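Every number in this text was worked out from the coordinates using simple rules, so none of it is lab data. All values reported here derive from a predicted model rather than from experimental measurement. When we count neighbours, we look across all protein chains shown, and the Cβ atoms used for this are built from the backbone with ideal geometry, even at glycine.
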Amino acid sequence: MNVVVCHELTKQYGRSKAIQNMTFRIAENKITGLIGRNGAGKTTLLKIIAGYLHHSAGDIQVFSENPFNNLKVSANTIFIDNEMSFSQGLTLKELLETAGSFYPNWNHDLALKLFDYFSFNSNQYHGNLSKGMKSTFNMIVGLAARCPLTIMDEPTSGMDSATRKDFYRALLKEYIAYPRTIILSSHLLDEVEDLLEEVLLIKSGEKCLHLSIDQLKEYAIGVRGKTVNVEKWTEKMEPISVQEIGANMSYAVIRNDRSIKELEDARQLGLEVTPVSAEDIFSYLTSKTKGGIDHVFSRG
Amino acid sequence: MYLAEVKTWDIVKKQYRYKLKSYFGVFTSLIVIQLLAILFSFNGTGSGSGSSNSIQYDFYYYTSDIILIFMMIWAFITAIIITTRAYRYDDFSFVTNRVISQVSNILFLLSSSIFAGITVYLSTNLFQILAFYFKNNYSIIVDSLTVTEFIIGMITSILYIFLFASAGYLVGILIQLHKGFLLIIPTVLFGGLILDGIGGDPRVFENVTMFFGQETSFILFICKIAIVSSLLLLASLGISNRMEVRK
C-alpha cells in the first residue's frame, strides 16, 4: 500500500513555484529520506503532505485522502519540525499528557523514559528550552505518538552530536519494534544514510531521483586523471560534474552505466576509477552549476 | 500499523479541554481587569442630589456598568488574541482540522463569556460592600433587584460579552486572513464615528446600539444576540476553513 501518492504536485507562492510537477509514491512502513539543498522545497512538500498547506495544482493523496483539512490524516500523521509550537501555559509533563490524550497509539511509558533519559525537568516550559532541547522534546513527542505516518523535518537541527546519535538509534529501535512510515528530511545525507531505505532527492522544487539507498550508493563513479584524458574519455558521455583538481588534473563524476570495455579504456588512459559516496552524489546532482564553488573564484 | 479512526466531536472536546488548561492566562487578565473596573466604579456610575426643606441628600448608583463594559472589551481583545498565529499553531501540534479548531475556540469563548458574566455580578456585590464600608456611615443601601431580574441581568451580561467576543473573533480572523484589515477595520470604525460626528446626525452606531439596547422583550433580545453572534462566527468559520495553517 502506498501511504503518500503525489501526481504532478505543484505549489505556487505568488509567481515562484516552490514545488513543481512532482510525481512519486511512498510505500508503507519504509523510512524515506527527503534530501535536498537549502530552499529546495523540502519543508513545503512535507507541509503539504501533513495537510498544513494547500497545493496549487496536481493531486496528492495521503492514506487515499486529500490531506488538507482532513481529520483522519491529522490523527494518523505527526509533523515534527523545529517550529513546532506548544502552549506556553502548560509544562513539559502536561504537554506530554495532552499529546497522549490526542494520539490513539501514544506510548506514555516510552515518552517518560525518553524524557528522563534526556534529563528534562518536568516543570519547565517549552518556550524556555534551548534550540537543541526543543528539537529533542519534539522528537520525543514524534516517537511516542507512534503515528502511522511520522514526518520529521530536519529533526536534528540544534542537537549536539551525542543527542543526534541517540536520536537516530531511538528512531531505528522504535521503527523496528513498531514499523511505520517515516519521512525524514535532511540536507546531511551522510548522517542519515545508514538509517534510510529509500531516498527522494529533490532539486529546486522538482523531483531529482527516487531510489533505494543501495541504488543511490552505486549511482555514479568518479574518474580522476589528466584533464586531456578525462575529457577524451567522457567525450560521448554526460558527466554529472567535472572539476579541476590541480595542474592539468581533472575529476569527473559520471553515471555508473559504463560497459566493461569503456572502463578498460579508462584504465588504459591512466584514469583512476573510484566509487562515489552517496553524500557526494547528492551534492553533485543538486549543485546548481556544473563547476561548483570553485568556478566562482576562478572567474574572479 | 492500523489507521486510527477518530470522531470529530471527541477531538472537539479534547481541544476544548486543552484550551481551557492552556489559555489560563486569559482568566488571570479577567481578574486584573475586574479589579481595575471596581476601582473605576468606586465613585458610583451615576449620581444625583436633591433637597427639600430641611433634608439634603446625595444618591449614587453603584451598578456593574463599568465592570460590564470592561468585560466586553476584554472579551473582544481575548477573542482577537486567540486567533493569532501562536495560538493557532498550538492546535495543530496535535490532532485537529480547521473546523475543530474553530469550534473549540468558540466553545472556549462561550465558556469564558459565561464565566465573565457571572463574575461581573459577583464583583458588583463585592464593590457594593466595599463602597458601603469606605463611604460615610449614613448610607442607606437599596438593592432593588429581584431574583428574576438578577438572573435576567446575568444572562444579558453574558450575551453582551459573548457578542463582543464573536465580533472580536471575526476581526481577528480577518486580520489573520490579510494584514490589510489591521488598517481597514479601525479606519472604518473610527471613520464612521467621525462621519457621524461631522454630520451631526449619528445614525450608524446609534442604530446598532438601539438594535440591542432598545429591545424590551427578553426573548427577542436573546434571539437577536444569538443570530448576530452566529452570523459573525459562521463568517469566521467560512473564512478560516480556507486558510493554510503554517507558512
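For the range A:1-99, the set of trypsin sites (Lys or Arg not before Pro) satisfying both a DSSP loop assignment and a count of at most 10 other C-beta atoms within 10 Å is given as A:15.
Put simply, the amide H of residue A:210, placed in the peptide plane, has neighbours under 5 Å in A:201, leaving out anything fewer than 5 places away on its chain. Averaging the sequence gap over all C-alpha pairs within less than 8 Å and six or more residues apart, then dividing by the number of residues, gives chain B a relative contact order of 24 percent.
Amide H contacts of residue A:31 (H built 1.01 Å from N, in plane; Pro and chain starts excluded): A:182, A:197, A:198 sit under 5 Å, all sequence-distant by 5 or more or on other chains. Note on the range A:68-118: along the principal axes its Cα atoms extend 35, 24, 18 Å, ordered by decreasing extent. When you restrict to C-alpha pairs under 8 Å that are six or more residues apart and normalise by the size of the range A:2-216, the relative contact order lands at 29 percent. With coordinates expressed along the principal axes, the C-alpha atoms belonging to the range B:1-143 extend over 90, 24, 20 Å, beginning with the largest.
Between residue A:21 and residue A:197, the FRET efficiency from the beta-carbon distance, with R0 = 22 Å, is close to 0.30.
Its relative contact order, with pairs defined as Cα atoms under 8 Å and 6+ residues apart, puts the range A:217-299 at 39 percent. For chain B, the equivalent ellipsoid derived from the Cα gyration tensor has semi-axes of 39, 23, 16 Å, listed largest first.
Size estimate for the range A:161-300 follows the Kirkwood approach: the inverse of mean 1/r over distinct Cα pairs works out to 17.1 Å. Using a Gaussian network model of chain A with C-alpha springs under 10 Å, which one of A:77, A:234, A:181 is most mobile by mean-square fluctuation? Top of the fluctuation ranking is A:234.
For the range B:1-74, dividing the convex hull volume of the Cα atoms by the residue count gives 109 Å³ per residue.
The string of couplings for the range B:183-190 from the Karplus curve (6.51, -1.76, 1.60, θ = phi - 60°) is 8, 5, 5, x, 4, 4, 5, 6 Hz, one whole number per residue in order, with x for Gly and Pro.
Computed from the C-beta positions of residue A:294 and residue B:63, the FRET efficiency with R₀ = 60 Å rounds to 0.15. The orientation-averaged projected area of the convex hull spanned by the Cα atoms of the protein assembly as shown comes to 37.2 nm². Given in Å, the Rg to one decimal and the Dmax to the nearest whole number for the Cα atoms of the range A:2-216 are 16.7, 48.
Straightening the chain between residue A:101 and residue A:121 buys 5.1 nm, computed as 0.36 nm per residue apart minus the Cα-Cα spacing.
The 3J(HN,Hα) values that the Karplus relation (6.51, -1.76, 1.60; θ = phi - 60°) gives for the range A:218-230 are, in residue order, 9, 5, 9, 10, x, 10, 10, x, 5, 3, 4, 5, 4 Hz. Gly and Pro appear as x. Highest GNM mean-square fluctuation among A:144, A:75, A:177, for chain A modelled with Cα contacts below 10 Å: A:177.
Taking a quarter of the surface of the Cα convex hull of the range A:66-180 gives a mean projected area of 7.0 nm². Working from the Cα coordinates of the range A:217-299, the gyration tensor eigenvalues give, after taking √(5λ), semi-axes of 20, 16, 10 Å in decreasing order. Helical runs (DSSP H, four residues minimum) scored at -39500 (n - 2.57) apiece and divided by the length of chain B put the mean residue ellipticity at 222 nm at -25000 deg cm²/dmol. Counting every pair of alpha carbons in the range A:29-108, the share spaced more than 14 Å apart comes to 71 percent.
Applying the Karplus relation 6.51 cos²θ - 1.76 cosθ + 1.60 with θ = phi - 60° to the range A:150-163 yields 3J(HN,Hα) values of 10, 10, 10, 9, 6, x, 8, 4, x, 7, 7, 5, 5, 5 Hz, where x marks Gly and Pro.
Once the convex hull of all Cα atoms in the range B:149-220 is built, its volume per residue stands at 101 Å³. The helix-based estimate of mean residue ellipticity at 222 nm for chain A, built from -39,500 (n - 2.57) per DSSP H run of four or more residues and divided by its residue count, is -10000 deg cm²/dmol to the nearest 500.
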